[in-house]
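The structure under discussion appears below in the form of structure tokens.
Any read-out appearing in this document is the output of simple, stated calculations on the displayed coordinates, not a laboratory observation. These figures come from a predicted structure and were not determined experimentally. Cβ sites come from the backbone with ideal geometry, for glycine too, and all protein chains shown count toward neighbours.
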Amino acid sequence: MSKKTFFITGANSGFGLAIATAAIADGHAVIGTVRSDAGRAKLAELLPAAKTVLCDVTEFDRIPYVVEDVEHEHGPVDVLINNAGYGHEGVLEESPLEEMRRQFDVNVFGAVAVAKAFLPRFRSRRRGFIINVTSMGGMITMPGIGYYCGSKFALQGISEVMRSEMAPFGVHVTTLCPGSFRTDWAGRSMVRTDRSIADYDLLFDPIRQARQEKSGQQLGDPAKLATAVLTLIDSDNPPPQLLLGSDALTFVSARIERLQAEIEAWKSVTLSTDG
């Protein structure tokens with residue numbers, strides 16, 4: 001692979017840090033965004049070769065200026081890794097709408113705002129690669145993470161449209177759909193709504209407990225995900241989405257099978273509405 005410049009949001013932890021580490025080890029240049037001076041110091045300590053930029057992805061109006069300054073100082077960016085995001089856990093009835101708004105501001109609006117800052121640049125150069133990190137939760141659902149799944153479903157759909165619109169200009173767009181990995185997504189980084197309705201205890205309490213107990217012991221290895229990302233970027237024909245992890249493959253495949261069965265079961269009703 002020719003040497004490229006990566007712009008990675010949320011680069012000081014989780015997938016962002018893993019991808020940044022692998023990219024630098026492979027000889028690429030990395031510009032990583034962080035939200036605070038503490039995050040900048042952490043990234044500088046962990047990965048001194050990375051360039052760091054302060055950027056909160058929810059400061060939508062500021063993002064184009066951040067990108068302009070980055071390209072002015074470091075030259076054209078080749079690969080955008082839209083990684084910044086977090087998980088919200090909570091039963092829908094118990095979870096305030098304000099928590100949903102914040103979830104979408106970061107996971108959807110933030111990712112789209114960063115992508116939109118790069119779209120005209122990639123289009124004019126007739127090259128570029130955008131990887132929007134979604135989740136297997138953007139293709140399947142699970143009780144207790146409705147806001148999170150909703151945000152990832154939204155980004156999944158927007159990414160598919162982005163892919164179609166940018167394809168004529170030689171720009172690739174792929175969503176990364178990981179399963180459970182050993183990051184802090186289910187630990188410190190997750191926002192959890194307090195329980196308040198006893199009717200949901202039997203359904204949800206075991207799910208919350210199992211997720212907390214499993215945190216840090218998931219099968220997925222972030223370093224191997226990063227290697228897969230470098231393989232993806234080197235492809236001349238990347239897929240619309242890339243599942244990562246055996247659990248993602250199992251759960252999404254099962255969902256597709258159920259969907260096909262549901263379509264067939266209701267086919268006569270579906271066709272009955274044509275005039």
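Once the Cα gyration tensor of region 171-251 is diagonalised, what are the square roots of 5 times its eigenvalues, in whole Å and ordered largest first, as equivalent ellipsoid semi-axes?
Details: eigenvalues 205, 37, 25 Å².
Equivalent ellipsoid of region 171-251: 32, 14, 11 Å, largest first.
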Original post:
Farthest toward the dipole's positive end in the chain, which of Gly75, Leu47, Met100, given Cβ charges of +1 (Lys, Arg) and -1 (Asp, Glu) about the Cα centre?
Top reply: Gly75
Subject >> Positive-end residue, the chain charge dipole about Cα centroid, Cβ charges, pick of Cys177, Trp266, Ala254 >> reply: Cys177
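Restricting to Cα pairs below 8 Å that are 6+ residues apart, what does the relative contact order work out to for region 5-247? Please round to a whole percent. Kindly include the intermediate steps, with their values, before the conclusion.
Numbers: 422 pairs, mean separation 51.8, N = 243.
Reported as a whole number, the value is 21 percent.
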Subject >> Least to most buried among Glu45, Glu89, Glu71 (fewest other Cβ within 10 Å first) >> reply: Glu45, Glu71, Glu89
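In µm²/s, what is D for region 89-214 at 4 °C and 1.567 mPa s, where D = kT/(6 pi eta Rh) by Stokes-Einstein and Rh is the Kirkwood radius from Cα pairs? Kindly include the intermediate steps, with their values, before the conclusion.
Details: Rh = 16.0 Å.
So the translational diffusion coefficient is about 81 µm²/s.
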Subject >> Cα-Cα P(r), region 1-98, percent of pairs per 10 Å interval >> reply: 15, 45, 26, 10, 4, 0
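How would you rank Met136, Met100, Met1, going from fewest to most other Cβ atoms within 10 Å of each one's own Cβ?
Values: Met136 23, Met100 18, Met1 11.
Placing the least packed residue first, the sequence is Met1, Met100, Met136.
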**OP:** Calculate the translational D of region 5-247 in whole µm² s⁻¹ from Stokes-Einstein, where the hydrodynamic radius comes from the Kirkwood formula applied to all Cα pairs, the temperature is 10 °C and the viscosity 1.306 mPa s.
**Re:** 87
Subject >> Subset of Lys3/Lys51; Lys116/Lys224; Lys4/Lys224; Lys42/Lys116; Lys42/Lys214; Lys4/Lys51 violating a 23 Å alpha-carbon distance limit >> reply: Lys116/Lys224; Lys42/Lys116; Lys42/Lys214
